[in-house]
1. Could you list all residues from the stretch A:180-195 that are closer than 18 Å to residue A:144 by Cβ and either at pLDDT 90 or above or loosely packed, with under 14 Cβ neighbours inside 10 Å (or both)?
2. If you go through the stretch A:34-60, how many residues are touching a strand residue (DSSP E or B) at 6+ places or on another chain (Cβ under 7 Å) and in a helix (DSSP H, G or I)?
3. Going through the stretch B:225-251 one residue at a time, which ones are crowded, with 19+ Cβ neighbours inside 10 Å and under 16 Å from residue B:166 (Cα atoms)?
4. Go through A:4, A:21 for me and flag whichever is closer than 17 Å to residue A:114 by Cα, buried (at least 20 other Cβ atoms within 10 Å of the Cβ) and touching a residue at least 40 places away in the same chain (Cβ under 8 Å).
5. Please count how many residues of the stretch A:85-119 are in a loop (DSSP other than H, G, I, E, B), touching a strand residue (DSSP E or B) at 6+ places or on another chain (Cβ under 6 Å) and more than 19 Å from residue B:478 (Cα to Cα).
6. Filter the stretch A:68-84 down to the residues that are surrounded by fewer than 23 Cβ atoms within 10 Å (Cβ to Cβ) and part of a strand (DSSP E or B) and list them by number.
7. Within the stretch B:395-418, can you find the residues that are out of contact with any helix residue (DSSP H, G or I) (no Cβ under 7 Å at 6 or more places or on another chain) and more than 8 Å from chain A (Cβ to nearest Cβ)?
């Protein structure tokens, strides 16, 4: 399934040109003359996609739209494409997580490269998020006692210490630990620690 | 004896010497009798005045003057003469007369005849005799006086002067025999008039004369002697008769007496009675004072060339042709001569006025030059200001240009790729090429507009729509505004608002005001906003305002913001607003600044709408 590129630019001529080029490169393309129209019809976050955003657009500006999307939890990569680059705007956009900041006129090779990279990063990110979601689901399946044991074990506590902390026997702890590893589908303590870290449970 | 003889001789000699001394130094009675042939006319009056004037100035002793007018032009004959003699003899019996003054040839003739009987030994001074008269009368040696030379030849010469190419002279006068002064002309006539036609109107009726002088041939001149009667029984003084003739005459009249000028004579070598009188008086006084008349030779004098200015004008005679030393009478004073002070005042007023006009014209010229110069300066300064602003606006320009360039590049690459494919969609390629062409024109338009904005154009007045000016300028500024995180908002008027002005300069005003507003909000953390409004003010003007959400203008600086080089910015030159004001004033508008109630500043300007 090909990725979808969302183009927000008030310049009709440029929208047409870029749409042609992107379609030729095999992408699906959606164009919007203003930020508001994109907000009215939000892109599907679960599909591979990328937003090409002009800085100067009437009404809400490019950077403003970026902030708004961020607030809405969008993770779609945003590539800024502008007629004129000024340092403050660039810095603001990149700080806010822009994928790249390009100046027109830009060769399509370069643009497509940037889009590809953005899509790849987005795909990875998406994959990553999916894994995390799965892990979160697995963790959610743990009983209360198992979650307690999981929390202590990944912080490096020995079974004996854990048993002592929880006021039970080392044997019971071993059983819980085994159960946790089964449920989370890991085979070593190291893997277990990685899961906890990625889910942010170690903070 | 021998001694007595010399004594006798000495005594005789002494007596003789004494007698001769007494004779030489004999003081005569200081009274004179003046006899003239007058009829009471002005000629003799003037002669008598001239005489009296000299006599009156005699310093030592008063001289009594008796005067008898014998009226010899109207009366004559032996009986009349006898009556006169008797009358005078009886009248002056017992009067001590020191000298007799006889005026005119007729009188002098009588006086000489009467002398032995009436005035034995009394000196006689004649006046106004000409040489022919003297030759005829043969006065004894103790009779002296004033001889006037008054030949007809002089009058003919004058006639030739006033009538170039003269071929006819017309002699007008009484019968020669009746004339007392000009009688001798008759004898002269044949010699003097050689080569000239002569028309003699002598002793004719006044009515005939008047008829005939009205129809004289051209190149003729009248020479007037004297007329005392109309030939029908009426008598005139000769100057009155001359007036009647002059009224009718179609040719100039040459005269020979000063008193004939006023009635219409053109002039001539004229008898001057006052001069004759004065000369006669001088001689008389010398005699009264003791000089012997035999020792005083007759003097010549009493004529002068005198002319009548209006007559000279009438007959178109140039003054330069007149005899040397000619006197011009009755010259009409020129305007300047007549109204000397008024003329001076008028001339002065004209001079002052002319000076004033020159000054005003000069000032007007200078002011015009200054206006042109000032407009040129403003245009130049505006140009510099636009250049400065443009560098600030480079982002907008780049954006405006890059937008179409971006499209062109992308389209070109797309087309290239499509052509490289096995089965290119030519329809779409055609579309792409059309888009490229359009975007290229767009880029060209940006460049053209920018060049227009930066060109050093002279002030050019055209009909322009303020809405358009504002929209275009705000569009131009949008990139800059976005980069500075400023929201630009433009509220234009519903209909076109047309003004007369220079589009580029008015754009510059808007641009300067907006840039100024954006600059003012640098320190404002959020909510930076510039609002432009255009509206109809009162039907005759448009009002435009640019307001911002900045900190406003310190109240004490409100009046100064438009001053040149007034700035609150670190890097400002302080010319943006001053140029805005200069431009608005040049468009006959007004511009001012105020602070808004909710913070921020607003700049307003008004421009008169086209009728």
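The values are calculated or read from the model by the stated rules, or taken from the named source; none is laboratory data. A quick note: this is a predicted structure, and the numbers were derived from the prediction, not measured. Cβ atoms come from the backbone with ideal geometry, glycine included; neighbour counts cover every protein chain shown.
1. A:182
2. Within the stretch A:34-60, residues that are touching a strand residue (DSSP E or B) at 6+ places or on another chain (Cβ under 7 Å) and in a helix (DSSP H, G or I) number 2.
3. Across the stretch B:225-251, the qualifying residue is only B:251.
4. Details: A:4 fails: buried (at least 20 other Cβ atoms within 10 Å of the Cβ).
Going through A:4, A:21 in turn, just one is closer than 17 Å to residue A:114 by Cα, buried (at least 20 other Cβ atoms within 10 Å of the Cβ) and touching a residue at least 40 places away in the same chain (Cβ under 8 Å): A:21.
5. 2
6. The answer is A:79, and nothing else.
7. Looking only at the stretch B:395-418, we keep the residues that are out of contact with any helix residue (DSSP H, G or I) (no Cβ under 7 Å at 6 or more places or on another chain), and these are B:398, B:402, B:409, B:416.
Hit for the stretch B:395-418 is B:416, nothing else.
Conditions (1) surrounded by 12 or more Cβ atoms within 10 Å (Cβ to Cβ); (2) within 30 Å of residue B:510 (Cβ to Cβ), marked per residue:
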residue: B:391; (1), (2): no, yes
residue: B:405; (1), (2): yes, yes
residue: B:414; (1), (2): yes, no
residue: B:421; (1), (2): no, no
